[in-house]
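Values quoted throughout were computed directly from the atomic coordinates according to the rules given, and no laboratory measurement underlies them. These numbers were taken from a predicted model, which means no experiment stands behind them. Using ideal geometry, Cβ is built from the backbone for each residue, glycine included, and neighbour counts are taken over all protein chains shown.
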Amino acid sequence: MAEPVPRVGGIAPHNWYHVHAMAREPVVDSRQEILRTAARLFQQRGYDATSMNDVAAALKLSKGGLYHHFQSKDEILFEIMNHAMEITEERVLAPVRGIANPEERLRALIRLHIEVVLSPRDREITVMLHENHPLPPTLRKRINTRKKEYVHFVEGLMADVQKARHAKGGVSARAAAFALLGMINWIYQWYKPEGNLQADNLVPQFTDLVFGGILA
């Protein structure tokens, strides 16, 4: 038997049908859940081969429910990358900025950045930072600006460490920054959750590579 329509003065409220229909829509906890699901699909199927319908289906949302949060696939990809940079800012940059000693600051940055890259919860999000080519130029420029800010921070930190260690090697702070970030950001290409190389042994090894090699 159909549920009776509530009426005020004999007239159904104009928004009752909309609210009643939306109540049947599965609740998505947050935009972050949409971003994580979309990032996983983009990695598995490819960005171009994944539609908004695919994302909505994976979340058990109607297409309209998804469009309530995001207007286009480009917007989802941009927000995935933006969220990845926010994660990096919150979990890497913010903590290390409070460390006075440059060597300890660099050691902390290496550890925290590796932990972010290997985080099971956010791995799909952070990996998508390397897939910005489908973005429209204006959005890609905004992401690249945030990336450059991080590179410049690491470059400055490398210079501080070289100065503190009175390093006499021929490696520039910029080259050292690119080498470190290249090593860490490439982990996603070969990392296996069941493998022998995990955060607890990757962190000391990468740290030794930096201090015993790049900055020696």
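Please state the relative contact order of the chain as a whole percent: Cα pairs under 8 Å, 6+ residues apart? Please report the intermediate quantities before stating the final value.
On the way: 160 pairs, mean separation 39.7, N = 216.
Computed value for the chain: 18 percent relative contact order.
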**Item:** Dimensions (Å) - the chain, Cα atoms, principal axes, largest first
**Value:** 86, 35, 33
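Once you have the Cα-Cα distance between GLU86 and ALA58, take 0.36 nm times their residue separation minus that, and quote the gain in nm to one decimal.
Details: separation 28, 0.36 × 28 = 10.08 nm, distance 2.46 nm.
That works out to 7.6 nm of additional length.
Rounded to the nearest 500, what is the 222 nm mean residue ellipticity of the chain from helices alone, with -39500 (n - 2.57) per DSSP H run of 4+ residues and division by all residues?
-19000 deg cm²/dmol
Once the other residues with Cβ under 13 Å from the Cβ of LYS73 are scored (Lys, Arg +1; Asp, Glu -1), what is the net sum? Can you show the working numbers first?
Working: positive: ARG45, LYS63; negative: ASP48, ASP54, ASP74, GLU75, GLU79, GLU131.
Summing Lys and Arg as +1 and Asp and Glu as -1 gives -4.
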**Table column - 3J(HN,Hα) (Hz), segment 187-196, Karplus curve with 6.51, -1.76, 1.60, x for Gly and Pro** = 3, 4, 6, 10, 5, 10, x, 8, x, 6
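To the nearest 20 debye, what charge dipole does the chain have about its Cα centre, counting +1 at the Cβ of each Lys and Arg and -1 at the Cβ of each Asp and Glu? Spell out each step's value before the answer.
Values: 27 positive and 24 negative charges, 80 e Å.
Approximately 380 debye in magnitude.
How much length is gained on full extension from ARG31 to GLU75, taking 0.36 nm per residue of separation minus their Cα-Cα distance? List each step's numbers first, then the result.
Values: separation 44, 0.36 × 44 = 15.84 nm, distance 1.20 nm.
Result for the pair: 14.6 nm of gain on full extension.
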**Request:** Filter the chymotrypsin sites (Phe, Trp or Tyr not before Pro) in segment 121-216 to those in DSSP coil with at most 14 other Cβ atoms within 10 Å of their Cβ, and list the result.
**Result:** TRP186
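Longest exposed-loop-site-free stretch of the chain, with trypsin sites (Lys or Arg not before Pro), DSSP loop and at most 16 other Cβ within 10 Å?
The longest uninterrupted stretch comes out as 61-120.
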**Prompt:** Given the pairs LYS73/LYS141; LYS73/LYS148; LYS148/LYS192, which span a C-alpha to C-alpha distance of over 26 angstrom in this model?
**Reply:** LYS148/LYS192
